[in-house]
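Encoded as structure tokens, the structure appears first; notes follow it.
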Amino acid sequence: MHLHRPLAFGPAWVVAALAGALGFGCAEIEKATPEDATKLAEVRADLEQDTALVDYQKKRKSEAAARGEDPDQYDNAELLRAEPRFAEYWRSRRQKKFEAVNEVYKSLAADVIADCMAKAKVGQPSDEIDKCVRQTPKAKYDPGKAAALGALVVLLGVGAIALFRAIRRRNDNVAQAAPKLGLSVEQTEKTTAHGEYKGYALKIEASPPEAGEGDRFVRVLVLSKVDPHTVVRFGPVAPPTGLDLPDLDAPEVHDARVPEGYKLRLSQGASAESLLSGDVGFQMRAFDPIDLRVHDGMLGLTIWQVPPSADKVVEFVDVAIAVAKLYPPA
């Protein structure tokens with residue numbers, strides 16, 4: 001048996017969220033000092049010279065072509081490096097690069113600045129430095145803060161889980177009905193109650209209170225005092241999806257009293273008279289759509305809704321017991 005959608009909220013989610021808060025609360029990024037950022041910006045600006053020289057060379061060739069001269073005379077860029085005009089162009093280009101990167105570097109972490117400075121000192125080219133400053137900084141953890149916040153997370157987690165369970169129990173009519181029936185209850189991915197009621201061994205399975213409309217169900221399993229040789233299948237021809245129900249092999253019975261959209265299968269000697277015309281059948285119709293399956297000495301009664309109150313859940317369980325009494329052991 002399963003629900004299509006997982007729980008939208010639960011204790012595991014609460015703990016994960018608080019654990020995330022612990023990580024964010026204790027992780028610290030050490031900022032670089034303005035002085036260190038400026039030193040790296042100076043180095044990076046100096047590395048711009050070769051790029052500036054290539055751009056200057058292109059400019060000189062373009063000017064020569066515009067004058068009708070041979071642009072190839074400027075193929076040797078090193079000769080252009082010594083020109084006073086390039087020196088002025090380079091000073092302007094360097095200053096612009098320095099101002100641009102200096103502001104960015106001041107926002108970087110200290111470990112990033114140190115790593116990139118080390119690369120620059122061993123002669124790494126400008127594109128490697130640009131790649132270096134984009135790396136993710138390493139977070140440092142304060143053990144004292146981590147311990148204090150960890151203790152707080154534990155306390156908050158315990159409180160949040162307790163609150164979640166209390167709210168869930170209060171909103172779960174099946175869980176509320178369990179004590180009235182003398183059954184023990186568990187709430188995990190679904191609500192499960194089991195024990196003995198009115199002399200019958202019972203197990204109740206139900207969707208959690210936060211399940212969506214298409215996933216809600218309640219199923220009462222009567223596990224004792226049911227004829228092991230009787231097979232009954234009475235319910236919708238196409239039950240709502242979301243639950244695994246046994247496909248019982250028994251002759252199909254055609255009776256005008258079978259509600260439209262329902263199917264009836266009975267094993268040899270079994271009767272459905274009370275389901276079609278008696279008080280039990282009338283009580284079952286109050287929970288329509290309802291599915292009855294009797295097989296292997298057990299009875300399952302399923303509805304695709306959750307009764308609106310704990311008392312209504314008890315009423316549904318009483319209907320299941322009443323149906324079980326129709327098929328006692330021989």
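Please determine whether any residue of region 200-211 is touching a strand residue (DSSP E or B) at 6+ places or on another chain (Cβ under 6 Å), in a loop (DSSP other than H, G, I, E, B) and either within 16 Å of H295 (Cβ to Cβ) or among the charged types (D, E, K, R) (or both).
no
Can you pull out every residue in region 187-199 that is over 14 Å from R219 (Cβ atoms) and either at pLDDT below 95 or in a strand (DSSP E or B) (or both)? Please lay out each step first, then the result.
Our first condition is that a residue be over 14 Å from R219 (Cβ atoms); within region 187-199, this holds for 187-189, 195-199.
Of everything in region 187-199, those that are over 14 Å from R219 (Cβ atoms) and either at pLDDT below 95 or in a strand (DSSP E or B) (or both) turn out to be Q187, T188, E189, G195, E196, Y197.
Pick out the one residue from S184, S267, S207 that is of a type in the set (S, T, Y), modelled with pLDDT of 95 or more and within 43 Å of the chain's Cα centre (by Cα).
Details: S267 fails: within 43 Å of the chain's Cα centre (by Cα); S207 fails: modelled with pLDDT of 95 or more.
From the options S184, S267, S207, the qualifying one is S184.
Out of everything in region 226-247 that is surrounded by fewer than 17 Cβ atoms within 10 Å (Cβ to Cβ) and at pLDDT 90 or above, what residue ends up being farthest from P308 (Cα to Cα)?
Residues of region 226-247 that are surrounded by fewer than 17 Cβ atoms within 10 Å (Cβ to Cβ), as a first pass: 228-229, 236-241, 244-247.
Okay, now just the ones that are also at pLDDT 90 or above, so 228-229, 236-237.
Numbers: P228: 33, H229: 35, P236: 22, V237: 26 Å.
The extreme case among them is H229.
Just one of (1) open to solvent by less than 60 Å² (accessible area, probe 1.4 Å); (2) assigned to a helix (DSSP H, G or I); (3) modelled with pLDDT under 90 trips up A64, so point out which.
Unmet condition: (3).
Given the criterion open to solvent by 20 Å² or more (accessible area, probe 1.4 Å) and free of Cβ contacts under 8 Å to residues at least 12 places away in the same chain, identify the matching residue among E213, E196.
Working: E196 fails: free of Cβ contacts under 8 Å to residues at least 12 places away in the same chain.
It is E213.
Tell me which residues, restricted to region 296-318, are assigned to a helix (DSSP H, G or I) and surrounded by fewer than 21 Cβ atoms within 10 Å (Cβ to Cβ).
Listed by number, the residues that qualify are A310, D311, K312, V314, E315, D318.
Any chance you could count how many residues in region 177-186 are open to solvent by less than 40 Å² (accessible area, probe 1.4 Å) and assigned to a strand (DSSP E or B)?
Narrowing region 177-186 to residues open to solvent by less than 40 Å² (accessible area, probe 1.4 Å): 177-178, 181, 183, 185.
Cutting the leftovers down to assigned to a strand (DSSP E or B) gives us 185.
Selection size over region 177-186: 1.
Enumerate the pairs (first residue in region 276-287 and outside any helix (DSSP H, G or I); second residue anywhere and open to solvent by less than 80 Å² (accessible area, probe 1.4 Å)) with beta-carbon separation below 6 Å, excluding pairs fewer than 6 apart on the same chain, so at least 6 apart or on different chains.
Here the result reads F287/I303, each pair linking region 276-287 to a residue that is open to solvent by less than 80 Å² (accessible area, probe 1.4 Å).
Is it true that some residue in region 234-256 is out of contact with any Ser or Thr (no Cβ under 7 Å at 6 or more places or on another chain), over 30 Å from S184 (Cβ atoms) and not in a loop (DSSP other than H, G, I, E, B)?
Yes, there is a match, as at least one residue in region 234-256 is out of contact with any Ser or Thr (no Cβ under 7 Å at 6 or more places or on another chain), over 30 Å from S184 (Cβ atoms) and not in a loop (DSSP other than H, G, I, E, B).
May I ask you to list the residues in region 244-262 that are out of contact with any strand residue (DSSP E or B) (no Cβ under 7 Å at 6 or more places or on another chain) and touching a residue at least 40 places away in the same chain (Cβ under 8 Å)?
Step one: of region 244-262, the residues out of contact with any strand residue (DSSP E or B) (no Cβ under 7 Å at 6 or more places or on another chain) are 244, 247, 249, 254, 256-257, 259-260.
If the condition is that a residue be out of contact with any strand residue (DSSP E or B) (no Cβ under 7 Å at 6 or more places or on another chain) and touching a residue at least 40 places away in the same chain (Cβ under 8 Å), then D244 is the only one that fits.
Show the residue pairs meeting these rules: Cβ distance below 7 Å; 6+ apart or different chains; first residue within region 101-113 and touching a residue at least 40 places away in the same chain (Cβ under 8 Å); second residue assigned to a helix (DSSP H, G or I) and among the polar types (S, T, N, Q).
N102/T38
Of everything in region 293-314, what is of a type in the set (D, E, K, R) and closer than 16 Å to G182 by Cβ? Give them in sequence order. If you could, list the steps in order and put the result at the bottom.
Filtering region 293-314 down to residues of a type in the set (D, E, K, R) leaves 293, 296, 311-312.
Scanning region 293-314 gives a single hit, D311.
Among the residues of region 279-295, count how many are open to solvent by less than 20 Å² (accessible area, probe 1.4 Å) and of a type in the set (G, A, S).
1
The values are calculated or read from the model by the stated rules, or taken from the named source; none is laboratory data. Just so it is clear, the model here is predicted, and its values are computed rather than measured. For neighbour counting, all protein chains shown are included, and Cβ atoms are generated from backbone atoms with ideal geometry for every residue, glycine included. The area values use the complete protein model at the heavy-atom level, side chains included, leaving out ligands, DNA and RNA. Shrake-Rupley method; radii C 1.70, N 1.55, O 1.52, S 1.80 Å.
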